[in-house]
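The values are calculated or read from the model by the stated rules, or taken from the named source; none is laboratory data. On a predicted model such as this, the values are computed, not experimentally measured, just so you know. Every residue, glycine as well, gets a Cβ built from its backbone with ideal geometry; the counts of neighbours run over all protein chains shown.
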Amino acid sequence: MAELILASTSPYRRVLLQRLHLPFQQVDPQFIEAEPGYMPPAELVLHNTKGKADNVLARYPQATVIASDQLAVCQDMVLGKPGSAEKACEQLAMLSGKSVTFLTGLALFSQREKRSEIISFRVYFREFSRDEIRTYVELENPVDCAGSFKSEGLGISLFERMEGDDPTALIGLPLIRLSQWLKPLKQLRS
């Protein structure tokens, strides 16, 4: 298989891709993402995902590039990364008792083929108190996570239930679909 590149600076995506035990390098996509409001959320995720993959493939034309982008949507409102503990608490208070849909874009680009898709995953939050929110934010510090929680950590305690085919899509890199896409490439180049 040609060199595999993860077009992301995300430590979460790096850890997820390491689960597949494939050699890869991580490269900053150096792509300016379109902001929410520019287009509908699903189109925006796909636009940003493909833009990251195209940018890295242009710089590494012999590589196979993996890219991903994610948006969280609650009642037609796009949720970003809170950036501060105060905003994380506000965001979680708004999410208490509601559901959030995570739209995760995935792209696998090479000179021979370009594949992209959106994987959807829904989280239903239980109702929780302000004290629970404060405690959670203090313990987990989810300020760099859309929706203000980490499902791979204590954030799971905030959920009532989850719906989706690939729980890794919720963390930011859908490994089930990616594994399906990579398998033929591995066989072709073995």
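Here is a yes/no grid of residues against (1) modelled with pLDDT of 95 or more; (2) among the hydrophobic types (A, V, I, L, M, F, W, C):
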residue	(1), (2)
HIS21	no, no
GLN25	yes, no
ASP54	yes, no
THR64	yes, no
LEU79	no, yes
GLN91	no, no
GLY97	yes, no
GLU117	yes, no
TYR124	yes, no
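Only one of (1) more than 20 Å from CYS145 (Cα to Cα); (2) more than 17 Å from the chain's Cα centre (by Cα); (3) in contact (Cβ under 8 Å) with a residue 40 or more places away in the chain fails for ALA85. Which number is that?
Of the numbered conditions (1) more than 20 Å from CYS145 (Cα to Cα); (2) more than 17 Å from the chain's Cα centre (by Cα); (3) in contact (Cβ under 8 Å) with a residue 40 or more places away in the chain, the odd one out for ALA85 is (1).
Tell me, which residue of region 109-151 that is without any contact (Cβ under 8 Å) to a residue 12 or more places away in the chain and among the polar types (S, T, N, Q) is nearest to LYS52 (Cα to Cα)?
Among residues in region 109-151 that are without any contact (Cβ under 8 Å) to a residue 12 or more places away in the chain and among the polar types (S, T, N, Q), the one nearest to LYS52 (Cα to Cα) is THR135.
Let's see how each residue does on (1) within 21 Å of TYR38 (Cβ to Cβ); (2) surrounded by fewer than 15 Cβ atoms within 10 Å (Cβ to Cβ); (3) touching a Leu at 6+ places or on another chain (Cβ under 6 Å):
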| position | (1), (2), (3) |
| --- | --- |
| GLN75 | yes, yes, no |
| LYS81 | yes, no, no |
| SER84 | no, yes, no |
| ALA88 | no, no, no |
| LYS98 | no, yes, no |
| THR101 | yes, no, no |
| GLY105 | yes, no, yes |
| PHE109 | no, no, yes |
| VAL123 | no, no, no |
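Of the residues VAL73, VAL78, VAL15, which is in a helix (DSSP H, G or I), among the β-branched types (Val, Ile, Thr) and under 15 Å from the mean Cα position of the chain (by Cα)?
None of the other options fit; the residue is VAL15.
Can you tell me which residue within region 124-175, out of those that are in a helix (DSSP H, G or I) and among the polar types (S, T, N, Q), is farthest from the chain's Cα centre (by Cα)?
Among them, the one singled out is THR135.
Given the conditions (1) touching a Pro at 6+ places or on another chain (Cβ under 7 Å); (2) among the hydrophobic types (A, V, I, L, M, F, W, C); (3) assigned to a helix (DSSP H, G or I), which single one is not true for ALA67?
Status for ALA67: all satisfied but (3).
Take the conditions under 21 Å from GLN62 (Cα atoms), part of a strand (DSSP E or B) and either hydroxyl-bearing (Ser, Thr, Tyr) or without any contact (Cβ under 8 Å) to a residue 60 or more places away in the chain (or both) and apply them to GLN26. Does it pass?
Yes: the conditions hold for GLN26.
Would you mention how many residues in region 31-64 are outside any loop (DSSP other than H, G, I, E, B) and either in contact with a Cys (Cβ under 7 Å, 6 or more places away or on another chain) or touching a residue at least 60 places away in the same chain (Cβ under 8 Å) (or both)?
Count: 8.
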